[in-house]
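Take a look at the structure set out below.
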Amino acid sequence: MTVTAPLTATADDLVGLFPPGSYQAEDGELTIGGCRVTELADRFGTPAVVVDENALRRQSRAYTQALARYWPNSQAVFASKSFPCTAVVRVMVEEGLGVDVAGGGELVAALAAGADPAKIVVHGNAKTDEELAMAVEAGAGTIVVDNFDDIDRLERIVTTGHQRVLLRVIPEVDADTHEAMVTGRRDSKFGLAIPQAVEAVARLRTSSRLRLEGLHVHVGSQLLATEPFRRSVEAVGGIAELGEHAVYDLGGGLGVRYTYEDRPPTIDAYVRTLTDAAREHLPAGARLILEPGRSLVAGAAATLYRVVTVKPGPRTLVAVDGGMADNLEPMLYGQRFEATLASRIGGGEPCDLVGRHCESGDTLIRDVPLRDPRVGDVVAVPVTGAYCYSLSNNYNGARRPPVVFCRDGEARAVVRRESYEDLLRRDVPPAGNSGSAR
């Protein structure tokens, strides 16, 4: 999955990786959402995650429009784990999407964002009693049953009425992506293999508290070809023992363009592939659910840093004021990113863009061309809207960065930067400690 970058990226190449509508101003300055990047860095500090709100809305509409065109009886549901920021979820809700949550915190954020509980889909391979009780109490429309223990817990927790559920089935479809992103293989930790799924369907159909509405399938994340999606639909629709259902949740996983070489399918082509396969293999009147995440948010955001140190040597090291605390994707998945100096876009000699954390593995991008990098320069890294915020952490006491929405030249913080006081807020003082030493 790791890709070698070209060493002579042009300004147009680089700007093309930033949110649609980004451009290079006459003085050479990178502009996102109508806002000059260096001014954003001055105003909000660095590191900072900058989101073009219009780009978020355009991606949302691309999904709703494609589904309306190819399969009107359908619903797009935002996989909020990709960017579990209340303001981001609120945009998706305003655009008519449901919300997919995979934990109690994501459920709380979805409700705070105004999500219709009936459009919430609850996921997880190890849901706790507390999380299931929260979902049931909130009126979550659909809970995806991942195992027999989910059934046991829900039958205890649901005491009145019926809870709608889907059953997650392992399609036994491989996908060309990073090992950690594959979810459809026979040995996946998610879902049930076909023999167990058949047993679970039979049990759910006799439950007095749970109403089985359909099946769920997912093959992986950051997929740059549509064939695995087609095969997953064929797999779930071709097993007679599972029966026919009213609802089929076909998951998400569409990849995005992180580097110059990446050529992901368009949203339209992706949806068309799934709906064509559904016409061939699923009941004509079935309701389809899609769960896009990365493809909704990744390209709508960029992360801004300041250069702290430039160290010449066998490899020129450009160290910035962030790193693995705000972007773990290179370390976890070997994901390649690109970058540019905000005021000198394109060209330059290859450098290693490294973070400030006490780990040799804290390298954001190897061999990235930067033109005459200097201390104090603002570095912009595109396509950081997916999973960077989700996986942010406090390593070395780093304060998690703000999220800044930009739209038509106006910028506003929707998540403030963490403070040092925040880092101590959960500490519990020793019992009886008066604050004086003995």
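A few remarks follow.
- For ASP100, the amide hydrogen comes within under 5 Å of the amide hydrogens of PHE78, ALA79, SER80, VAL121, counting only partners 5 or more places away or on other chains and with H modelled in the peptide plane.
- Length available on full extension from ALA269 to GLU130: 0.36 nm per residue minus the Cα-Cα distance, which gives 46.1 nm.
- Computed from label points 7 Å out along Cα-Cβ, the spacing between ASN394 and GLU241 is 4.9 nm.
- Reduced Cα scattering model of region 320-438, Debye log10 I(q)/I(0), q = 0.14, 0.15, 0.17 Å⁻¹: -0.71, -0.79, -0.96
- 0 to 90° range, to nearest 10: angle between helix 267-281 axis and the chain longest Cα axis: 20 degrees
- Segments 335-341, 161-167 sorted - mean Cβ within 10 Å per residue, highest first: 335-341, 161-167
- For the chain, the fraction of 1.4 Å probe accessible surface lying on carbon and sulfur atoms is 49 percent.
- Distance between modelled label sites at THR316 and ARG416, nm, 7 Å Cα→Cβ extension: 3.9 nm
- Over region 326-438, Cα pairs under 8 Å with separation of 6+ residues give a relative contact order of 24 percent.
- The calculated FRET efficiency for THR363 paired with THR159, based on their beta-carbon distance and R0 = 41 Å, is about 0.20.
- Global geometry of region 10-149, whether rounded, prolate or oblate, following the gyration tensor of its Cα atoms and the 1.5 cut on a/c: prolate
- Packing rank of 60-66, 153-159, where each peptide gets the mean count of other beta carbons within 10 Å, highest leading: 60-66, 153-159
- The chain, helix-only ellipticity at 222 nm - DSSP H runs n ≥ 4, -39,500 (n - 2.57), divided by all residues, nearest 500: -8000 deg cm²/dmol
- Computed from label points 7 Å out along Cα-Cβ, the spacing between ALA431 and ALA225 is 6.2 nm.
- Taking every alpha-carbon pair under 8 Å whose residues sit at least 6 apart, the chain reaches a relative contact order of 21 percent.
- When only Cα pairs below 8 angstrom with a gap of at least 6 residues are kept, region 1-126 shows a relative contact order of 15 percent.
- Surface analysis of the chain yields an accessible area of 42 Å² per residue, using protein heavy atoms and a 1.4 Å probe.
- Peptide packing: for 416-423, 77-84, the average count of neighbouring Cβ atoms within 10 Å per residue gives the ranking 77-84, 416-423, highest mean first.
- Debye equation applied to the C-alpha atoms of the chain, log10 I(q)/I(0) at 0.07, 0.13 Å⁻¹: -0.37, -1.13
The values are calculated or read from the model by the stated rules, or taken from the named source; none is laboratory data. Since we're looking at a predicted model, the values are computed, not measured. Reconstructed Cβ throughout: ideal geometry from the backbone, glycine too, with neighbour counts over all protein chains shown. All accessible areas refer to the heavy atoms of the entire protein, side chains included, with ligands and DNA or RNA removed. Shrake-Rupley method; radii C 1.70, N 1.55, O 1.52, S 1.80 Å.
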